[in-house]
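First comes the structure, then the notes that go with it.
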Amino acid sequence: MLKNLLLIGCAAFLLNGCFGGEKETKWTAFIYPTKEDTKKYVKSPMTFSSLEECKKVSILEIQNQKLENIAFFKCGLNCTFHEGMKTEVCEQMLSSTDK
Amino acid sequence: MNELKYLNVCYNSKENDEKFHELISTYTNNVFKYNNQDELIDLINNEEIHLVITKYNFELLKQIRVLNNQIQIIAFLDKINHTHLIESLEIEYVKFIQELNCVNEFIYILKDCVKNIDSQKSNIRKLKNNFIYDIYNKTLFKNNKIISLTKRESLFLGLLIKEYNRAISYEEINKEIWNNTMTQDALRSLVKEIRKKTYKELIINISGIGYRIDL
C-alpha cells in the first residue's frame, strides 16, 4: 500500500514537472531619473519574480537616490533583446504612473 | 536622397523641436506641421500625405488608417512592448523608432518607407501556419505571439523575406550574414533552426545556388 502511494506520488510530481509548470515571470525595473527625458533610464541589473517586488525595489531605489519628485519607473515583464529592432522589448510594461 | 524630395511629410510640432524640422527639411521640401489631432486629420484629408511622424497612439493610428490605407507611419515611443508590435499588425505600414534624434537610423527608415510607397506592398507578410512577418520592425509572430530569433536568424529571415521574389546566393548570404566567414555547416544549422521555429517548407534550398523563401 505504502509502495503504491509512493509510486503515485512520484508519478504526480514528475507529471507536474513536465506539464503543470507555469511560465516563469521575470520583471525588470527601469528607472527614469527625470520625467522630462524618457530616453534616459537605468535598468535593474537583476530581475524580480513579481510585479510587487519590482515596484517595491524601484520605489526604494528612487528614495535612496532622493529623486522622489522628479523620477519615475516602469516594470517590464519578460524583457528580452529583440535582434530585429536592436532594443530590449518586454511582453508588458507598467509605469509607476499607471493606475 | 532625391527619392525623399517629393515626399509629403507631417509631424506634430509639439512633439518635435526646430532641430527636427531642420533635419527633415533637408530631405524633403514638403513638410507639414500640426498641433493636434484635428489638424492632422485635416491635413490627411486635404493634402496628399505620404508619411506621418507621431508619438505612438493606437487610437490615432487607427483613425489615420481609416482615412488613408497607404500612409506610412513612423511611430516613436520610449519603450516598445509586445502589445505595440501586435497592434501595429492591424494598422500596417507602422515603423517603430525609440529615438528620433538618431539621424542615421531615421534616414534609413525614411528610405525604407519610400521604397514601400513605390512598391505599394504591405510591410506585413502573411506566411503559412499562422506565421506573420513584419518587415518594418523585423518581427516574426505566430498566433499574435512574438517568436524570438537570434541575431543571425533575424538577419537571414529578414533578407529572404525582403527579397522574396528571388533566390539569395550562397555568396550573398556569406557576405550579408557572416561577413565572409560562413561555413556550410553553420548555414545548414541556421536554416535548420529557423525551420524548427517556423515550418520546414518556409525556406527552400535551390541546389547549387542558395536559398529562397516560400511565400
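The values are calculated or read from the model by the stated rules, or taken from the named source; none is laboratory data. Treat the numbers as computed from the prediction; the structure is a model and nothing was measured. Note that each Cβ is placed from the backbone with ideal geometry, even for glycine, and that neighbours are counted across all protein chains shown.
Observations on the model:
- Condition met for residue B:105 (within 13 Å of chain A (Cβ to nearest Cβ), part of a loop (DSSP other than H, G, I, E, B) and either free of Cβ contacts under 8 Å to residues at least 40 places away in the same chain or not polar (S, T, N, Q) (or both)): no
Rundown of residues vs (1) of a type in the set (D, E, K, R); (2) in a strand (DSSP E or B); (3) over 25 Å from residue A:85 (Cα atoms), yes/no style:
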position: B:6; (1), (2), (3): no, no, yes
position: B:15; (1), (2), (3): yes, no, no
position: B:31; (1), (2), (3): no, yes, yes
position: B:69; (1), (2), (3): no, no, no
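- For the range A:55-95, a residue qualifies if it is within 14 Å of the chain's Cα centre (by Cα) and small (Gly, Ala, Ser), and the qualifying residues are A:58, A:76, A:95.
- Within the range A:68-95, the set of residues being surrounded by 16 or more Cβ atoms within 10 Å (Cβ to Cβ) and assigned to a loop (DSSP other than H, G, I, E, B) comprises A:71, A:78, A:79, A:83, A:84, A:85, A:91.
- In the range B:117-169, of all residues being polar (S, T, N, Q) and in contact with a Lys or Arg (Cβ under 9 Å, 6 or more places away or on another chain), the one that is nearest to the other protein chains (Cβ to nearest Cβ) corresponds to B:154.
- Per the conditions (1) crowded, with 19+ Cβ neighbours inside 10 Å; (2) modelled with pLDDT of 95 or more, the sole criterion not satisfied by residue B:73 is (2).
- Matching residues in the range B:18-29 - criterion: being within 22 Å of the chain's Cα centre (by Cα) and either of a type outside the set (Val, Ile, Thr) or not in a loop (DSSP other than H, G, I, E, B) (or both): B:20, B:23, B:24, B:27
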